[in-house]
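Structure first, then comments.
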Amino acid sequence: MRGTLYLVVGPSGVGKDTLIDGAREALSGETNVVFARRVITRQSDAGGENHEYASDGQFETRRGAGDFMLDWEAHGFKYAIPASYCGHLDRGRSVIANVSRSVIKNAIANYAPAVVLEISASPDILADRLKHRKRETEAEIRKRLSRQAAMIPKTAAKVTILNDGTPQDAVAEFIRALNLQAPKSKFLMSRKFSGHPLNYNDYSAVIKDIVEGRYDDQQIADFLVSVSKTLANDETVDLAKARADFSASIDWGNGRIVDKHSMGGIPGSRISMIVIPIVAAHGLVIPKTSSRAITSPAGTADTMEVLARVDLNVDDVRRVVRATNGCIAWNGRLNHSRVDEVMNRITRPLKINTLNWSVASILSKKLAAGATHCIIDIPLGPSAKVKSSNDAKHLKNLFIYVGNALGLEIEVKVTDGKAPIGRGIGPALEARDVISVLRNDRNAPADLKEKSLSFASTILAYDPSTTKKAATTRARELLGSGAAWETFERICAAQGPPPEKTEIGSHTTMITAEQNSRVTSIDCFELSSIARAAGAPKDKGAGVDLLAQPGDEIRAGQPLYRIHASDNGGLTAARIVAETNNAFRLQNL
């Protein structure tokens, strides 16, 4: 079990030495807490802390020999924390070190878990304390206080201790911040930091402590980084099982329970809302739980919420599925956890590669939803989430391996992700496209219809009484006859009305072609950025309505797409983004 490195920082005069000395005395009987003695090129009789003196030459010799774990320069002196304290950390002891903010990033990277204890005080109190030390003139004190200190990294686990009151109060707060009662699973995290595999029981213990708030964000981030680097396929299976235990589980009894999932990244690809009623109309059970948008203009839950309530609990899902064979619910009430929230907050800014963790997360939700069979959509394209054929192949094999190990029958389709699917991008516009396909409107988006039928046919083939060829015919019959639309209406009625009525944004502007050209491609990421600037998904009526597709020949002044917003602010913001990059790649004719 690796110990925690506590990095004590704060401006001169804030009272760091006083708090450290007070904590050292109070914890003198605590064998698992070590206070680091610094090496400084300041004479040991100069006052202040009990440090180890080294001349400039001695300091540089020791630094060159690797005798220091951290070192820095400040105020004309050189400081260091001896490398011997690494041994204490390795033996599970907490090490408290008075350091410069400039070494925090390096300390976190090399000696995790690490926690910053920032000591602060008001400027007047700082100036008074510095004056009483009699080390500097008033001019030097003013210069010191005006100096911009190195920033603490935003990702650092930090506790701020205000030292404006009595030393006794500040020392007590300092000791509380040390959090000496470590979570029971801390040694398991330490094993993962060292690259060792964890099993199902191990992951269950770690996730339990995460969910119950026993780790701060930095500790969790360190754990996720380790997982992203070392998580093996068999470990992914154990992790998925452990994660499923922390989701609300639904037991449907015997029989086939089918499901689908898309890796996303393609605007407008709202096929779930068409596939589910087709499959449910056939008679297969398909309880679909979907996410809201994180970085896209709409998630399936956002779009479905234009037409029906999606904030369902487990009892609601059972009731709706018993009545209609299917549902389209938000997974936030069902199997979303603090683990997901922390992942979303931490992995994006750090750009952590969490492929195995993502597969474990997705398939754990399928387990929790009671699925037995699942089809996975992996859109492949230059602006999709999966950009190369090799990545798509690896992801496909990983889904199949982990799914089969979990007892799920998994089928994976790598689909064309080079352009948006459908015309509308944004919840209300996408809901319009879904309805047009389900109602067999003459002008319904053909690409949205055909992709939906392809996935519905694959799922219908899970029915042992249906061949693959018959499943294709059956899917078209259910859509063409209106049975899918009737089932969708029943699903919406069973789930209940949406929280508010949504209209497509009435504030509009056209983005047009500057000259005669051919559309060669559309950048999905840039198009999503424009729709989000207009206000989607928070403003469900905002978004983009496509009026041209790849391969189309267009004339100068002809519209490429229409931006919709609910107010002029959203419209202006989206227009500014579109003027910078309109997402359309055109070849002049």
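The values are calculated or read from the model by the stated rules, or taken from the named source; none is laboratory data. Values in this document were obtained by computation on a predicted structure and should not be read as measured data. Every residue, glycine among them, receives a Cβ derived from its backbone with ideal geometry; neighbour counts consider all protein chains shown. Quick note on the areas: whole protein, heavy atoms, side chains included, nothing else; ligands and nucleic acids left out. Shrake-Rupley method; radii C 1.70, N 1.55, O 1.52, S 1.80 Å.
Just for the range 289-303: of the residues that are in contact (Cβ under 8 Å) with a residue 40 or more places away in the chain and under 19 Å from K449 (Cα atoms), which one is farthest from the chain's Cα centre (by Cα)?
T303
Please name all residue pairs, on different chains or six or more residues apart, with Cβ atoms under 7 Å, provided the first residue is in the range 257-282 and is under 18 Å from A428 (Cα atoms) and among the polar types (S, T, N, Q) and the second residue is open to solvent by less than 10 Å² (accessible area, probe 1.4 Å) and modelled with pLDDT under 90.
Close Cβ pairs satisfying both conditions: S272/S290.
Can we say G87 is more than 26 Å from A109 (Cα to Cα), open to solvent by less than 60 Å² (accessible area, probe 1.4 Å) and part of a helix (DSSP H, G or I)?
When the stated conditions are applied, G87 does not pass them.
Of D209, D234, D251, which residue is out of contact with any helix residue (DSSP H, G or I) (no Cβ under 7 Å at 6 or more places or on another chain), under 21 Å from G195 (Cα atoms), of a type in the set (D, E, K, R) and surrounded by fewer than 19 Cβ atoms within 10 Å (Cβ to Cβ)?
Testing whether each residue is out of contact with any helix residue (DSSP H, G or I) (no Cβ under 7 Å at 6 or more places or on another chain), under 21 Å from G195 (Cα atoms), of a type in the set (D, E, K, R) and surrounded by fewer than 19 Cβ atoms within 10 Å (Cβ to Cβ) leaves just D234.
Being open to solvent by less than 10 Å² (accessible area, probe 1.4 Å) and more than 22 Å from A384 (Cβ to Cβ) is the filter here; which residues of the range 295-319 pass it?
M304, A308, V310, L312, V317
Looking at F223, is it surrounded by fewer than 16 Cβ atoms within 10 Å (Cβ to Cβ), in a helix (DSSP H, G or I) and of a type in the set (F, W, Y)?
Criteria not met by F223.
Looking at K413, K396, K418, which is the one that is assigned to a strand (DSSP E or B) and among the basic types (K, R)?
The conditions single out K413.
Applying the selection to the range 219-256, what residues are within 23 Å of T289 (Cβ to Cβ) and either free of Cβ contacts under 8 Å to residues at least 12 places away in the same chain or of a type in the set (V, I, T) (or both)?
Result: T236, V237, I250, G253, N254.
So which of S452, S457, S436 is among the small types (G, A, S) and crowded, with 24+ Cβ neighbours inside 10 Å?
S452
Taking R292 and the conditions (1) touching a Ser or Thr at 6+ places or on another chain (Cβ under 7 Å); (2) within 20 Å of I376 (Cα to Cα); (3) among the charged types (D, E, K, R), which numbered condition does it fall short on, given that it satisfies the others?
(1)
May I ask you to list the residues in the range 243-284 that are of a type in the set (S, T, Y) and closer than 16 Å to I435 by Cα?
Scanning the range 243-284 gives S269, S272.
Out of all the residues in the range 41-51, is one or more of a type in the set (A, V, I, L, M) and in contact with a helix residue (DSSP H, G or I) (Cβ under 9 Å, 6 or more places away or on another chain)?
no
Is at least one residue of the range 32-50 closer than 19 Å to V95 by Cα and free of Cβ contacts under 8 Å to residues at least 24 places away in the same chain?
Scanning the range 32-50, I find at least one residue that is closer than 19 Å to V95 by Cα and free of Cβ contacts under 8 Å to residues at least 24 places away in the same chain, so the answer is yes.
Looking only at the range 28-49, decide whether some residue is at pLDDT 90 or above and part of a helix (DSSP H, G or I).
No, the range 28-49 has no match at all.
How many residues are assigned to a loop (DSSP other than H, G, I, E, B), out of contact with any Lys or Arg (no Cβ under 7 Å at 6 or more places or on another chain) and among the hydrophobic types (A, V, I, L, M, F, W, C) when one looks only at the range 271-298?
3
Can you tell me which condition K469 does not meet? The list is (1) in contact (Cβ under 8 Å) with a residue 12 or more places away in the chain; (2) over 34 Å from the mean Cα position of the chain (by Cα), and all the others hold.
(1)
Going by the conditions given, is A244 out of contact with any strand residue (DSSP E or B) (no Cβ under 6 Å at 6 or more places or on another chain) and surrounded by fewer than 23 Cβ atoms within 10 Å (Cβ to Cβ)?
yes
Does V258 qualify as being modelled with pLDDT of 90 or more and closer than 20 Å to V310 by Cα?
yes
Could you check how many residues of the range 237-255 are acidic (D, E) and at pLDDT below 90?
2
May I ask you to say which residue of L380, L429 is at pLDDT 95 or above and either open to solvent by 10 Å² or more (accessible area, probe 1.4 Å) or within 23 Å of E503 (Cβ to Cβ) (or both)?
None of the other options fit; the residue is L429.
Please pick out the residue among T61, T18, T4 that is in contact (Cβ under 8 Å) with a residue 40 or more places away in the chain, among the polar types (S, T, N, Q) and open to solvent by 50 Å² or more (accessible area, probe 1.4 Å).
Exactly one of T61, T18, T4 is in contact (Cβ under 8 Å) with a residue 40 or more places away in the chain, among the polar types (S, T, N, Q) and open to solvent by 50 Å² or more (accessible area, probe 1.4 Å), namely T18.
Just one of (1) out of contact with any strand residue (DSSP E or B) (no Cβ under 9 Å at 6 or more places or on another chain); (2) at pLDDT 95 or above trips up F525, so point out which.
Only one criterion in (1) out of contact with any strand residue (DSSP E or B) (no Cβ under 9 Å at 6 or more places or on another chain); (2) at pLDDT 95 or above is unmet by F525, namely (2).
Report the residue count in the range 158-191 for those that are modelled with pLDDT of 80 or more, farther than 23 Å from R101 by Cβ and among the hydrophobic types (A, V, I, L, M, F, W, C).
Adding up the residues that qualify gives 3.
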